[in-house]
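Since the structure comes first, as structure tokens, the remarks are kept for the end.
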Amino acid sequence: MILVTGATGNVGAELVRVLAESGQSVRALSRAGRSEGLPPGVTAVAGDLNRPETVRETLDGVRAMFLMPGYGGQRQILADARAAGVERVALLSGRSAGTGDTGNAVAGYLIEAETAVRKSGLAWTSLRCTSFMSNALQLADQIRKGDTVRVPFPDAYTTDVDPYDISRVAARALLSDEWAGRALEVTGPEALLPADRVRILGEVLGRDLRAVGLTNEEARTELESRMPKPYVDAFFSFFVDGTLDESQVLPTVREVTGREPRTFREWARAHADAF
Ligand SMILES: NC(=O)c1ccc[n+]([C@@H]2O[C@H](COP(=O)([O-])OP(=O)(O)OC[C@H]3O[C@@H](n4cnc5c(N)ncnc54)[C@H](OP(=O)(O)O)[C@@H]3O)[C@@H](O)[C@H]2O)c1
């Protein structure tokens with residue numbers, strides 16, 4: 001039995017599918033215990049990662065778990081997992097964990113989560129992912145309204161990765177000890193600017209989309225309307241001050257899964273309906 005937390009999320013939902021297709025027994029955890037859209041044979045369970053007591057029962061009979069980072073209950077959940085006989089944990093993390101900068105709000109919570117899994121006594125693997133291709137879904141409202149798409153950090157090249165590829169790496173880490181004790185740096189296959197992604201989305205959707213870069217001031221206002229200021233400061237530190245370089249393509253997905261990671265065009269084709 002494999003427990004997937006964040007099962008309604010971008011990576012978790014793909015992982016549930018990948019594991020179910022390979023014949024694994026899967027428990028899919030979300031706060032509401034949502035069962036809609038789950039593949040046959042997958043059991044939905046409810047649990048809140050900020051409240052370990054709500055997760056404890058779901059660990060019964062579990063051999064490996066996929067863990068979302070940064071929730072208040074993570075240390076206790078890992079201790080409960082060990083007590084329940086769980087053998088392996090794969091943690092969803094980010095490239096910024098590698099900066100070691102605990103003063104940065106995003107890197108800080110990822111570093112804390114990585115430290116917790118390293119000290120858990122379980123066989124652990126951290127998946128240090130670059131930005132997700134699914135972040136482009138945040139542009140969907142603008143794209144539905146018109147052809148001009150305003151994007152933050154227009155000069156930042158990033159090698160965004162498809163959550164599908166993250167889930168395939170996670171599945172390998174959950175099913176064997178080969179990747180235990182490793183922080184895997186997971187990237188997509190190409191470095192793109194936000195404007196490149198908008199252009200590719202336009203080509204896939206048959207639309208003449210045009211990206212307009214937000215100034216730093218505009219980007220700060222826009223980001224602060226949807227996330228706490230320390231996280232906005234963290235992203236400014238990464239992509240304006242340049243404390244995080246996500247422009248490098250790394251061979252991890254191929255090395256772990258034996259297949260090339262998907263391109264942004266492939267992701268856009270698979271998710272065109274969302275736009
Ligand atoms: N987005 C990126 O570019 C990026 C890059 C590197 C790392 N990451 C890491 O990946 C994580 C997921 O990113 P995402 O943007 O793809 O998010 P997402 O798809 O929205 O996933 C969030 C998931 O977490 C679950 N969740 C939220 N609060 C919870 C709680 N208290 N207890 C249990 N489950 C809870 C949600 O389920 P319910 O709401 O249904 O309960 C949902 O399944 C981020 O938090 C970040 O740490 C993201």
Completion exercise
Net charge near Ala46 (other residues with Cβ under 9 Å of its Cβ; Lys, Arg +1; Asp, Glu -1) is +1
Practice task
Place a label point 7 angstrom from the Cα of Thr221 along the Cα-to-Cβ direction, then list the residues of region 131-175 whose backbone nitrogen is under 18 Å away.
Solution key: 142, 149-154
Handout entry: Convex hull volume per residue for the chain, taking Cα atoms only, in Å³
Key = 125
Problem - Mean-position separation - Cα centroids, region 22-44 and region 182-214, in angstrom - result: 31
Problem - Where region 120-275 is the region considered: accessible area per residue in Å², 1.4 Å probe - result: 47
Exercise for the section: Go through Leu175, Ala136, Gly85 and say which Cα lies farthest out towards the positive end of the charge dipole of the chain; charges sit on Cβ, +1 for Lys and Arg, -1 for Asp and Glu. Expected result: Gly85
Problem - Whole-Hz ³J(HN,Hα) from phi, Karplus 6.51 cos²θ - 1.76 cosθ + 1.60, for region 135-149, glycine and proline x - result: 4, 4, 4, 5, 8, 4, 4, 4, 5, 5, 8, x, 8, 9, 10
Fill in the blank from the handout: Long-range amide H partners of Arg182, meaning residues 5 or more apart or on another chain whose placed amide H is closer than 5 Å, are Ser126
Handout entry: Portion, in percent, of the accessible area of the chain that falls on carbon or sulfur, probe 1.4 Å
Key = 45
Exercise for the section: Using a 10 Å cut-off on Cβ atoms, rank the peptides 262-270, 211-219 from the highest mean neighbour count down. Expected result: 262-270, 211-219
Problem - Under the Karplus curve 6.51 cos²θ - 1.76 cosθ + 1.60, θ = phi - 60°, whole-Hz ³J(HN,Hα) for region 84-93, x wherever Gly or Pro sits - result: 7, x, 5, 9, 10, 9, 10, 9, 6, 10
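The values are calculated or read from the model by the stated rules, or taken from the named source; none is laboratory data. The shown structure was predicted, so the numbers you read here are calculated from the model rather than taken from an experiment. Note that each Cβ is placed from the backbone with ideal geometry, even for glycine, and that neighbours are counted across all protein chains shown. The protein model used for the area step is the full one, side chains on, heavy atoms only, and it has no ligands, DNA or RNA in it. Shrake-Rupley method; radii C 1.70, N 1.55, O 1.52, S 1.80 Å.
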